[in-house]
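Take a look at the structure below.
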Amino acid sequence: MRPLSVSGGLDLRQVPIGDPDAQALIEKVQDEYVLRYGGRDESPIDHAEFVAPHGAFFVGHLEGRPVVSGAWRRRTDVELGGTTNTAEIKRMYVAPAARGLGLARRMLAHLEDTAQQAGVAAMVLETGSKQPEAIALYESSGYSAIPGFGFYRCEPLSRCLGKVLDVSACPADTPHHE
C-alpha cells in the first residue's frame, strides 16, 4: 500500500458517532488503549452528546480513506477561566498510516473552531501519561494542566488539560464569563 499524502486535501466531515467510519476509528483508538493501558476506555459515552447543540463528531478522509477522528461534547461541570461553558475533546485518533502528516493538529483546530462557533468558551480533555505524543500536541497547542475531572479523575495515569478559547471571537450574544 502506498503512503498517504495530504496533497489531495483532508476532507473533514461531521458525522453521527454511529457512522461506520466513525465506529471503525473508535475501535482502532480502543485497540490503542488496550496496547498502552491494558484495557479499553470505559468512560461513559452517550451518542446524543455528540449531536448539536450538545456536541459534534468528525471524521477526516485522505484519498477516500477515513484516517482521523475527533469529537467534542459540552461539559458544564468543569470550570476553566471563570466559565463552566466548556466542551470536552473525545476520540481524537489518527490511523498509523496517516501519522506525521499534521492531521491531529488540524483536527484539534477544527474541534476548537466548531466548538467556539457553537458558543463554547473553553476546551478540556482527559488523556493518559502513556500517550506522550498526545500530551505534546495539546501542550504545543496552548493546553495546560487542570484539576482532574471525569471518569478517570482519580487514576494516577490520568492527565487533564484545558484551554480558554478566544472569547472575543464568539458571537456577541453568546453567554460567557470574563
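The values are calculated or read from the model by the stated rules, or taken from the named source; none is laboratory data. Given the structure is predicted, the values throughout are model-derived calculations rather than measurements. Note: ideal-geometry Cβ built from the backbone for every residue, glycine included; neighbour counts use all protein chains shown. With ligands, DNA and RNA removed, areas are computed over all heavy atoms of the protein, side chains included. Shrake-Rupley method; radii C 1.70, N 1.55, O 1.52, S 1.80 Å.
Things to note:
- Candidates are the residues of segment 71-91 that are assigned to a strand (DSSP E or B) and touching a residue at least 60 places away in the same chain (Cβ under 8 Å); the one that is nearest to L10 (Cα to Cα) is R91.
- Summed over segment 70-106, the residues that are hydrophobic (A, V, I, L, M, F, W, C) and either more than 19 Å from R159 (Cα to Cα) or open to solvent by 20 Å² or more (accessible area, probe 1.4 Å) (or both) give a count of 9.
- Just one of the listed residues (D11, D41) is at pLDDT below 95, in contact with a His (Cβ under 6 Å, 6 or more places away or on another chain) and either open to solvent by 70 Å² or more (accessible area, probe 1.4 Å) or not aromatic (F, W, Y) (or both), namely D11.
- Residues being under 15 Å from P53 (Cβ atoms), open to solvent by 40 Å² or more (accessible area, probe 1.4 Å) and not aliphatic (A, V, I, L, M) - total across segment 107-125: 1
- The lone exception for V34 - which of (1) in contact with a Pro (Cβ under 9 Å, 6 or more places away or on another chain); (2) under 21 Å from E133 (Cα atoms); (3) among the aliphatic types (A, V, I, L, M) it fails: (1)
- Residue in segment 144-154 that is of a type in the set (V, I, T), farther than 20 Å from I26 by Cα and outside any helix (DSSP H, G or I) present: yes
- For segment 47-64, filtering for residues that are among the charged types (D, E, K, R) and either at pLDDT 95 or above or open to solvent by less than 20 Å² (accessible area, probe 1.4 Å) (or both) leaves 1.
- Scanning segment 138-163 for residues being modelled with pLDDT of 95 or more and surrounded by 17 or more Cβ atoms within 10 Å (Cβ to Cβ) gives a total of 8.
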